[in-house]
1. Which stretch or stretches of region 292-325 have amide N atoms under 14 Å from the point lying 7 Å from residue 375's Cα along the Cα→Cβ direction?
2. For a protection proxy built on the mean count of beta-carbon atoms within 10 angstrom, sort 354-366, 390-402 highest first, please.
3. When the convex hull of the Cα atoms of region 247-394 is projected onto a plane and the area is averaged over all directions, what value comes out in nm²?
4. How do 312, 342 rank when sorted from fewest to most other Cβ atoms within 10 Å of their own Cβ?
5. Which order do 321, 168 fall in if you start with the one that has the fewest other Cβ atoms within 10 Å?
6. Treating the angle as unsigned and between 0 and 90°, give the value, to the nearest 10°, between the Cα long axis of helix 51-81 and the longest Cα principal axis of the chain.
7. So what's Rg/Rh here for the chain, counting alpha carbon atoms and using the Kirkwood radius for Rh?
8. Take region 150-244, drop everything but the C-alpha atoms, weight them equally and run the Debye formula without solvent; then report log10 I(q)/I(0) at 0.11, 0.12, 0.23 Å⁻¹ to two decimals.
């Protein structure tokens with residue numbers, strides 16, 4: 001087998017492969033025998049079809065099988081012989097397959113870059129100091145107070161204002177759609193879940209009052225039956241309810257659960273804020289360490305990996321829309337612009353994975369099977385399914401190696417952070 005490899009760039013290769021007619025003949029003979037064993041030809045018993053008949057009846061199919069078999073086998077053998085590990089299927093540039101002539105073909109593919117990691121210990125970064133003041137605690141207490149508000153019947157004539165809840169019966173007539181009726185519907189005036197036209201339609205309404213108004217729904221609205229339509233509403237307010245906030249004190253703290261006093265509640269809030277902001281500061285420091293390591297270790301990136309990462313991010317975005325009840329195909333999205341917008345982040349993600357993998361190899365960082373199982377247990381709890389079922393599904397889909405790789409990279413970043421010079425404060 002004659003192999004010629006040409007470097008197109010640091011990670012892109014062109015490989016030409018040639019074998020003699022005798023290799024083609026051997027592969028053809030194997031293909032003919034396979035066909036003779038499995039084809040059914042009238043007048044002959046199964047497995048007893050003469051070779052001449054097989055070649056005559058199935059010549060075109062045999063030739064195509066021979067070509068595919070040679071391409072697959074020779075490409076794999078040549079890549080192994082030259083120590084090349086392509087990161088994706090090759091692009092077949094040309095094939096020459098003539099009777100009695102050598103079999104030649106040319107492919108283009110990408111490989112992982114060779115990275116010898118350097119300057120990844122002792123990285124200097126600053127971590128912001130975590131501060132939690134009384135005003136921070138006050139804000140959380142107020143949020144808790146707002147979330148525990150009660151809605152009580154209005155005592156001033158029932159005129160609805162911003163923040164009030166209107167309990168109503170409504171009828172809706174969508175353009176080109178089926179009319180509908182809902183009874184006892186509650187809507188808070190000014191709520192972000194309502195469209196502005198709907199908020200305006202019920203603002204100032206009194207208990208017992210009837211109103212009619214139109215609401216135009218955008219093409220991106222989550223409910224498909226209302227998307228892009230104008231709906232004529234007729235509503236009748238049953239009652240108007242005011243928001244009543246609890247008094248902040250020891251009783252309020254006790255109603256929240258395990259707190260004996262407001263002071264105990266505020267102490268827990270402060271502790272939680274310190275923990276949360278500390279975790280955020282740690283995460284920022286880890287990202288800063290990684291950013292500096294990447295700057296010190298530039299690497300050429302296989303475009304196929306970048307494209308794969310961009311595609312993954314676009315699929316995540318589309319999946320998120322679907323979970324919100326939005327059909328991406330119904331939106332006027334510029335997928336080319338979205339792809340360009342994600343490319344820089346995708347390149348950084350691919351670069352980070354390659355550099356972390358190189359550092360892991362240099363430092364001998366690895367994970368054990370139990371660590372993979374531990375991660376799967378956490379994911380099973382999050383998804384609400386059994387660990388065994390999740391592990392079986394992940395294994396059947398070939399996802400175990402991806403989880404192992406992710407854990408190795410996380411452990412490698414832990415190592416880089418542990419050997420960095422991190423100073424707290426400005």
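1. Counting backbone N atoms under 14 Å from the label point, the list is empty.
2. 354-366, 390-402
3. 15.5 nm²
4. Taking fewest neighbouring Cβ atoms as first place, the list is 312, 342.
5. 321, 168
6. Taking Cα atoms only, the helix is inclined about 70 degrees.
7. 1.13
8. The calculated log intensity ratios at q = 0.11, 0.12, 0.23 Å⁻¹ are -0.31, -0.37, -1.16.
Every read-out reported here was derived from the displayed coordinates using simple, explicitly stated rules and does not represent laboratory data. Since this is a predicted model, take the numbers as computed values, not measurements. No Cβ is skipped: glycine too gets one built from the backbone with ideal geometry, and neighbour counts run over all protein chains shown.
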